Amino acid sequence: MSIPSLRILLVGNGGREHALAWKLVQSSHVEHIYVVPGNGGTAGFPNKVTNVQNVKADDFPALVAFARDNSLNFLVPGPEAPLVAGIVDYFAQHLPDVKSFGPNEAAARMEGSKAFSKDFMKDHNIPTAAYENFSDYEQAKAYLDSIDHDVVIKADGLAAGKGVIIPQTKEEAVQALKDIMLTREFGSAGDTVVIEELLVGEECSILTFSDGYNIASLPPAQDHKRIFDDDKGPNTGGMGTYAPTGVVSAQENDDIHKSILQATVDGMRNSGNLFIGCLFTGLMMTKAGPKVLEYNVRFGDPETQSVLTLLESDLAELMYSCTTNSLSSLGPINISSRAAATVVVAAGGYPGSYAKGTPMTLSETPEDTVIFHAGTDIKDGQLVTSGGRVIASTATGPTLKEAVARAYEGVQTIKFEGMQFRKDIAKRALK
Ligand SMILES: Nc1ncnc2c1ncn2[C@@H]1O[C@H](COP(=O)(O)OP(=O)(O)O)[C@@H](O)[C@H]1O
Ligand SMILES: [Mg+2]
């Protein structure tokens, strides 16, 4: 496959985007990356990556103008919001020569609407929790009254990871419905709710490259969503990951590939929603087999940090081939046999309120370790915090145990006031 020299527009400012930039600059096909807006980490490749802070990441006309003025030819939207808002369609319309690694607005409904994705799974026989969708409170309440199993209640639209409630009692379930549908806690994202069966098991997530027809996946990863050790405290954007996870056996991984991942990409294409980009499939490994919890339509954060350190293939080739229906011409994707672990370091108080602008210092990074920035910025030459999940240490090792130990060595090189991180990343897997 011949690939043009890529001049990339990367949208986002998280750890995921730093990891994508870190991996993309290793490709000889990548001439330059412009990150809108980027962070303190993406500022660390001065000859290859430029942070662009005078263009707003959600201003599509300004992004198109920037791409045109700088002769960019490849778009990589990092987060879900621009994808769900149709950035890929907008670029296709205004700059058709720019290829986009990501789904169009119609295909991005897989993440933008949980009701859409549930109906999709039902239509295509993809295993998922039993469910019903509701846009009327009284009907939703009547349904709750009619069932006697534990449920999960989900706002349909994007809710920044806060739209899923796991009630402990019937009263809490009714309250959740009221909060979402009557008080409209998530605005129009709660116009529809999904009420689904509570599944029990270990979770994992798989990132899959798709050119709309063929797929190639990265090793299954496990995230740690709660802020405190032993899965205590409120949910966060993710406090650490490791990969590959042993909660999926090789046999199960093969089955997931055929009956879930390939079936999803085929079902999308056959229903007129060709899926190009990275499909994130969240799975629950239940006694009755793997079931899909949700789809995201972009790389996960912080899964990406772990799995990209295991990817030996050229990321730019993989991404480009997804946009030209030529993923299969690349041959099998090369994955290291090592293990990877990521420990996220957050600001004190996160996921509640937290300070910003705290000065940070980083000392020399240990071998086989990468420090991926997320909520960092450079102010007057000083590295400072600028978000809740501030930075992460990702390490690889010949075993998971060694990867985790290395990642924690990496954490020791990070210093700022109030920093907090979990001490038990991958602990259950190491038992
Ligand atoms: N049916 C379910 N049974 C048990 N837990 C669930 C179920 N659906 C979601 N969860 C839990 O809630 C979390 C968030 O749900 P998810 O569907 O991934 O939404 P989002 O990531 O958009 O908040 C999951 O990671 C999982 O831990
Ligand atoms: Mg999720």
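Reported value for the stretch 7-100: 83 Å³ per residue, from the convex hull of its C-alpha atoms. In this structure residue 68 has an accessible area near 130 Å², from a 1.4 Å probe over the protein heavy atoms. Working note: Cα gyration tensor of the chain, eigenvalues times five, square-rooted, sorted largest first, giving semi-axes of 31, 26, 23 Å.
With all protein chains in place and ligands, DNA and RNA left out, the 1.4 Å accessible area ranks 32, 257 as 257, 32, largest first. Its Cα centre serving as origin, the stretch 7-100 has a Cβ charge dipole (Lys and Arg +1, Asp and Glu -1) of approximately 260 debye.
Stokes-Einstein at 10 °C, 1.306 mPa s, Kirkwood radius from Cα pairs: D for the stretch 39-91 in µm² s⁻¹?
Values: Rh = 12.2 Å.
In µm²/s, the coefficient is 130.
From its DSSP helices (H runs of at least four residues, each -39,500 (n - 2.57)), the chain gives a residue-normalised ellipticity at 222 nm of -7000 deg cm²/dmol.
With the charge dipole of the stretch 221-334 set up from +1 on Lys and Arg Cβ and -1 on Asp and Glu Cβ about the Cα centre, the Cα lying farthest toward the positive end among the listed residues 272, 325, 297 is that of 272. Of the residues 241, 47, 113, the one whose Cα sits farthest towards the positive end of the charge dipole of the chain is 47 (charges of +1 on Lys and Arg Cβ, -1 on Asp and Glu Cβ, taken about the Cα centre). Label positions at residue 149 and residue 334, each projected 7 Å from the Cα along the C-beta direction, are separated by 4.6 nm.
Put +1 on the Cβ of every Lys and Arg and -1 on every Asp and Glu Cβ in the stretch 136-191; which of 142, 188, 166 then has its Cα farthest towards the positive end of the dipole? With unit charges placed on the Cβ atoms, the residue in question is 188.
Cross-link pairs exceeding 27 Å between alpha carbons, from the set 118/232; 56/415; 141/162; 114/287; 258/423; 356/427: 118/232; 56/415; 258/423; 356/427.
Taking Cα centre as origin and charging only the Cβ of basic (Lys, Arg, +1) and acidic (Asp, Glu, -1) residues, the dipole magnitude of the chain rounds to 700 debye. Restricting the calculation to Cα atoms, the stretch 190-271 shows an Rg/Rh of 1.03 when the hydrodynamic-style radius is the Kirkwood one. Give, as a single signed number, the net charge of other residues whose beta carbon lies under 12 Å from the beta carbon of residue 138, with Lys and Arg counted +1 and Asp and Glu -1. Around residue 138, the surrounding residues sum to 0. Using a probe of 1.4 Å, the accessible surface attributed to residue 150 totals some 100 Å² when neighbouring protein chains are kept in position. The Stokes-Einstein estimate for the stretch 212-344, based on a Kirkwood radius over Cα pairs and taken at 37 °C with 0.692 mPa s viscosity, is a diffusion coefficient of 207 µm²/s.
Within the chain, the longest segment free of exposed loop sites, counting GluC sites (Glu not before Pro) that fall outside DSSP classes H, G, I, E and B and have at most 13 other Cβ atoms within 10 Å, spans 1-311. Label-point separation (nm) for residue 169 and residue 230, each offset 7 Å from Cα along Cα-to-Cβ? With each label point 7 Å from Cα toward Cβ, the separation is 2.4 nm.
As a size descriptor, the averaged projected area of the C-alpha convex hull of the stretch 53-153 was calculated at 9.2 nm². When only alpha carbons of the stretch 136-191 are considered, Rg and Dmax amount to 10.6, 30 Å.
If both residues of a DSSP beta bridge must be in the chain, then about 80% of such bridges are antiparallel. Remark: the stretch 292-431 is approximated by an ellipsoid whose semi-axes, taken from the C-alpha gyration tensor as √(5λ), come to 29, 19, 15 Å, largest first.
A Cβ-based charge dipole, computed about the Cα centre of the stretch 291-431 with Lys and Arg at +1 and Asp and Glu at -1, lands at about 640 debye.
The values are calculated or read from the model by the stated rules, or taken from the named source; none is laboratory data. This structure is a prediction, so every number in the text was calculated from the model and none was measured. Counting neighbours? That spans all protein chains shown, and the Cβs are built from the backbone with ideal geometry, glycine included. The protein model used for the area step is the full one, side chains on, heavy atoms only, and it has no ligands, DNA or RNA in it. Shrake-Rupley method; radii C 1.70, N 1.55, O 1.52, S 1.80 Å.
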